[in-house]
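The values are calculated or read from the model by the stated rules, or taken from the named source; none is laboratory data. What you see is a predicted model, and the numbers here were worked out from it, not measured in a lab. Cβ coordinates were reconstructed from backbone atoms using ideal geometry, including for glycine residues, and neighbour counts include every protein chain displayed. Just the protein is used for accessible areas: all its heavy atoms, side chains included, with ligands, DNA and RNA removed. Shrake-Rupley method; radii C 1.70, N 1.55, O 1.52, S 1.80 Å.
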Amino acid sequence: MMNPIELKKAVGSGLLSFPVTHFDDQLKFDEAKYRRHVEWLAGYDAAALFAAGGTGEFFSLNPSEIPQVVRAAKASAGKTPIISGTGYGTSLAIEIAVAAEKAGADGLLLLPPYLMFAEQAGLIAHVKAVCQSVGIGVIVYNRDNAILSAESIARLAEECPNLIGFKDGVGDVDKVIEITTLLGDRLVYVGGMPTHEVYAQAYFAAGVTTYSSAVFNFVPALAQRFYGALRTGDQSTVDEILKSFFFPFVALRNRKRGYAVSIIKAGLRVLGQDPGPVRPPLTDLTPEELGLLEKIVQANGGTRIAAE
């Protein structure tokens, strides 16, 4: 496992992604297929992979399944760091965090707590308790009902040495600029909007120069090409990929709630892989929608990979 400083450096070094979690037709974790998928993704030079993250259906996994997913990812990812999701209420988040660390996770992504909105003091206590329960690095995810202010992030950074990152899924770029300006290089900053590529240029200007890419699951070469174009200022390539892939992809994703996850598993089906269905309450794409996705992928050079 990496120490927090090593993880911070790794996360900031390149593009990130979060593998989908494979299920069989009984909705049980399919470890063999998951391991093959993680091994394939690790070959495309992701800076780190989030196991059991949002796109990995963290919200539908039993807490006892999360260390199983982490162990499988660690066994298959080679030198690529593995960051486990954790979340829910403080007690359960700590339990998951400790189990993930024992399973070999290099770090944690702390997702918002279940359902409740809370004041800043409560959110600070929650994040601090999780950080203090483990020795590995923690990235806090600002999103939905867990939106920390710049002052709160600064306090946590001072009190929690292993808090190494801030991931934003809110989209208020002015608030992100306030945090990056206040904290400087104390943290690594990660973009976490759904299909973050369509927001990436604005976030880069705000000092957030890496992000987690969901589409990396099924078009990793395209995801890396887009990220490389962003980093080098190749605006013509950025515009080309936005118009040909990301804009039509987002339009399809927005057809139904929950498709931000479902469409990623569908992308693997287009390539000839079978990640299994999404777990309820999510729903899979319809055959007509799957056909539309296939056209988008094929128009951008996606090809089928070896069937499992």
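Using the Cβ-Cβ distance between Leu182 and Glu288 with R0 set to 45 Å, the FRET efficiency from 1/(1 + (r/R0)^6) comes to roughly 0.40. The phi-based Karplus calculation (6.51 cos²θ - 1.76 cosθ + 1.60; θ = phi - 60°) puts the 3J(HN,Hα) values of segment 50-60 at 8, 8, 6, x, x, 5, x, 6, 3, 5, 9 Hz, whole numbers, x for Gly and Pro. Taken about its Cα centre, segment 161-210 carries a charge dipole of roughly 140 debye when the Cβ of each Lys and Arg holds +1 and the Cβ of each Asp and Glu holds -1. Checking every one of the chymotrypsin sites (Phe, Trp or Tyr not before Pro) in segment 4-79 against DSSP loop status and a limit of 16 other Cβ atoms within 10 Å picks out Tyr44. The loop-placed trypsin sites (Lys or Arg not before Pro) in segment 232-268, going by DSSP, that have at most 11 neighbouring Cβ atoms within 10 Å of their Cβ come out as Arg257.
I'd like the distance separating the alpha-carbon centroids of segment 279-301 and segment 216-270, in whole Å. Centre-to-centre distance over Cα atoms comes out at 13 Å. Between segment 1-52 and segment 59-114, what is the C-alpha centre distance in whole Å? Taking the Cα centre of each part, segment 1-52 and segment 59-114 sit 11 Å apart. In this Cβ point-charge picture (+1 for Lys and Arg, -1 for Asp and Glu), segment 4-232 has a dipole of about 520 debye about its Cα centre. Send over a whole-number figure in Å² for the accessible area per residue of the chain, probe 1.4 Å. Heavy-atom SASA per residue in the chain reads 41 Å². Averaging 1/r over every pair of different alpha carbons in the chain and inverting the result gives a Kirkwood radius of 19.3 Å.
For Ser84, nonlocal amide neighbours, meaning residues 5 or more places apart or on other chains whose placed amide H falls under 5 Å from its own, are Ala51, Asp106, Gly107, Leu108, Leu109.
With contacts taken as Cα pairs under 8 Å at a separation of at least 6 residues, the chain carries a relative contact order of 18 percent. In the chain, the DSSP beta bridges split such that about 5 percent are antiparallel, to the nearest 5.
Lys/Arg Cβ at +1, Asp/Glu Cβ at -1, dipole of segment 4-232 taken about the Cα centre: which of Ile153, Val20, Tyr141 is farthest positive-ward? Positive-end residue among those listed: Val20. When a 1.4 Å probe is rolled over the protein heavy atoms, the share of accessible surface on the chain that falls to carbon and sulfur comes to 54 percent.
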